[in-house]
Amino acid sequence: MTVYLDHNATTAVRPEARDAMLDVMSRPGNPSSIHSSGRKAKGVLERAREAIARSVRARAEDVVFTSGGTEANNLAVFSACEAGAKTLIVSAVEHSAVMAAAEASGVAVEILPVNEHGVADLDWLAQRLNGETSTNGPILVSLMAANNETGVIQPVEAAGRIVREAGGLFHVDAVQALGKVDYNVAASLAHYTAFSAHKVGGPQGVGALVLDCDAPVTPRMIGGGQEKGRRCGTENLPGIAGFAAAVEAAVADRNDFERLIGLRDHTIRQIRVGAPDLQVWGEVAERLPNTICLSVEGWPSEIQVIAMDLAGFAVSAGSACSSGKIRRSRVLEAMGASEAHAASALRVSFGYTNTKHDAEAFADAWLSARAKAQRTLATAS
């Protein structure tokens with residue numbers, strides 16, 4: 001049986017989410033219908049909206065359901081452009097859903113640099129926005145709450161203050177933060193905040209964009225007028241119910257944060273004993289409790305992923321959102337990693353299903369596979 005250690009890609013559907021979905025699927029009803037079945041469906045929809053809003057310190061009326069984090073991020077970026085944004089400032093470590101949307105917008109894109117620990121350079125941001133006015137349209141700044149590859153948590157609250165003071169628009173991709181840290185939308189001062197269900201134990205294909213009350217929004221999908229006209233199309237009610245149940249379960253189990261930190265740090269210590277040249281990216285920064293991004297020169301990422309798969313462990317090489325392709329990590333390059341280290345990055349991300357035994361077994365398997373790779377390289381040379 002495979003030990004699943006790729007929870008940043010997607011995590012197992014929580015029992016609470018599965019039960020909520022099955023309950024909704026057992027009863028017909030469209031939330032837009034006015035008969036009793038429709039009203040009951042509408043009640044499920046609004047209770048889910050309230051639960052998700054409550055978990056991230058937002059208002060229920062500001063939650064817009066989408067098909068996932070990618071759509072939520074796209075809606076934010078293109079809404080800012082429709083509102084007249086002439087410049088998009090995107091952090092160097094953003095997810096491709098944000099970076100690609102920015103590049104496709106037709107608007108000038110600037111990169112917010114990060115330091116060697118993967119943390120956004122807020123001094124650069126403050127200097128860049130100093131003296132900016134909105135006469136030619138606001139600047140949109142996109143800064144993710146936590147990086148999907150390294151787990152590094154970004155200073156979104158401080159960034160939000162800088163952007164607001166400059167009259168800009170602020171967008172946060174909080175997909176990886178939800179359910180792993182105590183996230184506060186209101187404190188971030190973000191105009192747009194994106195979330196996704198399947199990263200927290202809900203189903204795939206469901207997400208949400210939380211809008212601040214002064215956030216301009218232009219729908220990308222039009223038609224039925226659902227979600228107050230901000231995202232049309234019949235709501236995925238079973239998925240939304242599962243999303244809400246998963247978020248509530250994850251947020252209620254805050255003790256799991258500390259447990260995951262224990263698994264993460266124990267794994268690093270165990271590997272480092274046998275591999276003192278191990279590089280853990282973002283190690284000194286504040287990170288998600290479940291994420292390890294490691295590398296050793298000379299052992300390509302794709303070879304590690306295959307070796308671990310054969311050993312019975314599911315891990316990844318950075319982001320899982322590139323149609324199965326493994327590329328050198330753009331995130332690590334932004335952090336100043338050498339080409340060799342960027343090409344040998346491996347991501348291990350724990351979740352609520354994992355145990356200490358899983359962590360120890362992975363560390364042993366990784367060290368064994370590396371020793372074999374070193375012997376093979378020595379023989380070949």
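The values are calculated or read from the model by the stated rules, or taken from the named source; none is laboratory data. This is a predicted model, so every value here is computed, not measured. Methodologically, a virtual Cβ is constructed for each residue, glycine included, from the backbone with ideal geometry; neighbour enumeration extends over all protein chains shown. With ligands, DNA and RNA removed, areas are computed over all heavy atoms of the protein, side chains included. Shrake-Rupley method; radii C 1.70, N 1.55, O 1.52, S 1.80 Å.
With both partners inside the chain, how many of the DSSP beta bridges are antiparallel, as a percent to the nearest 5? In the chain, DSSP labels about 50 percent of beta bridges as antiparallel.
Computed over protein heavy atoms with a 1.4 Å probe, the carbon and sulfur contribution to the accessible area of the range 15-248 reaches 51%. For the chain, complete DSSP H runs whose alpha carbons reach 18 Å or more along their own long axis and whose mean Kyte-Doolittle score is -0.5 or higher are 69-82, 237-252, 356-380.
Identify all lysines with a Cα-Cα distance to K372 below 27 Å; exclude those on the same chain that are fewer than 8 residues away in sequence. Partners found: K325, K356. Computed over the chain, the per-residue total of -39500 (n - 2.57) for DSSP H runs of n ≥ 4 gives a 222 nm mean residue ellipticity of -12500 deg cm²/dmol, rounded to 500. Protein heavy-atom accessible surface, 1.4 Å probe, per residue over the chain: 42 Å².
All Cα-Cα separations within the range 1-142 were binned at 10 Å from zero, giving a P(r) of 9, 25, 29, 22, 12, 2, each value a whole percent of the pairs. Cross-link reach is defined here as a Cα-Cα straight distance under 16 Å, omitting same-chain residues fewer than 8 places apart; for K199 the aspartates and glutamates meeting it are D6, E16, E71, E149, D173, D182, E248, D253, D256. If you take the Cα centroid of the range 165-193 and the Cα centroid of the range 42-104, the two points sit 10 Å apart. Per-peptide packing, taken as the mean over residues of other Cβ atoms within 10 Å, places 273-282, 186-195 in the sequence 186-195, 273-282 from highest down. When a/c reaches 1.5 or more, the comparison of a/b and b/c decides; with that in mind, is the chain rounded, prolate or oblate per its Cα gyration tensor? Judged from the Cα gyration tensor, the chain comes out oblate (a/c at least 1.5, b/c at or above a/b).
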